[in-house]
Structure formats: C-alpha cells, structure tokens
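Q: Take a look at the following structure, please.
Throughout, read-outs are computed from the coordinates displayed, never taken from laboratory work. Just so it is clear, the structure is predicted and the values come from calculations on it, not from any experiment. In this analysis, Cβ positions are derived from the backbone assuming ideal geometry, glycine residues included, and neighbour counts consider all displayed protein chains.
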Amino acid sequence: MKDFEEYLFYFITPALLLLYIFASGKANADNEITITQSGPDFQVWAEQIGYDHSTTITADGDNTFIMLSQQDASQTAIIDIDGDNNITLIEQKEGDHQLELDILNDDNMASVSQENAGDHTATITLDGTYGTFLNLTQDSTTNQSYSLSQNCLNPAGCSISVTQQ
C-alpha cells in the first residue's frame, strides 16, 4: 500500500498540477479589472456582463468615485485620475468600444456613454486650474471617434457636452 501512495504522491500529483496550470490559461470569456489606488475616500462600482471586457483604473487623489458598466462584448476602459474630488460615470454596451480617460486636476465630473452597434473610441484628457463637467454620448450604429484635450482655466469651471449619433 505504501508503494501505491508514493506513486500517487510523486507521479500523479505533479501531473495533475501541471495539467491544472496549463489548462487554466485565459479563456475568451474572461473579464479583467485592474485597480491601482492611493488616497482616501476611493469608491468604485463596476459591473462586467458578457465577455472580453478590460478595465484598468489608476487613481491618485482624495474623494474619487467611479461607476463603470460594461455589457455585451469587448469593451475596454483605461481610467487614470490624478486629482481630488473627481466623479466618473462610464457605460459601454453593444459594439466594441474603447475609452482612454486621463484626469489630471481636481473637481471634474466625467460621464461617458458608448452604446449601439458601432465601434466607438474616445480619448479624453481633462486638465487645468479648474474642473470640467463632461458629458460624452456615442450612440450610433456606425463607428464614432472622439478626442479631447481640455485645459480649464475658467474660475466658474468648464462644461462640454458632445453627442455623436
């Protein structure tokens, strides 16, 4: 009986371990969220329904709130926040959408909605002495692309609203 137990321990166990390691690679249905955060009062709410979603969040600042919803297939969001008192709301559903959002200052509110069957891309940078209220809606069956580099210097703040249909 001891020989059989040794056989199990020395041969079968490593074989099963190797099988597990190589068989547990990334599947097409995997979703990923990576968060790197520093600063107090960081809140994130994220939902990924479907497959092949990827989200990377880097936040360095106080009072950061992020709400993210990715649905259907192949949504990508890269969010980098370096500032205090920022609110970010993101919704991606249906087509294959990509968002790169870089916030470099305080007191911003960014709402981005990418919907419908078109493959939409948005690259946004918010910066300046004062905060910006941004509302971007990409809702079309045709591909839409949007790029913004905002430097708000208005003491009353700045406001941008864009709809692509």
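Q: Using the count of nearby Cβ atoms within 10 Å as a rough guide to exposure, how do 74, 145 rank from fewest to most?
A: Ordered by Cβ neighbours within 10 Å, fewest first: 145, 74.
Q: Here is a follow-up. For residue 78 and residue 163, calculate 0.36 nm times their separation in residues minus their Cα-Cα distance, and state this gained length in nm to one decimal.
A: 28.5 nm
Q: Starting from the Cα of residue 41, step 7 Å along the direction of its Cβ; do the same at residue 148; then give the gap between the two resulting points in nm.
A: Distance between the two pseudo-spin positions: 2.4 nm.
Q: Now a separate question. Based only on other Cβ atoms within 10 Å, what is the fewest-to-most ordering of 103, 33?
A: In increasing order of surrounding Cβ atoms, one gets 33, 103.
Q: What are the extents of the Cα atoms of the range 28-164 along their three principal axes, in Å, largest first?
A: 43, 31, 16
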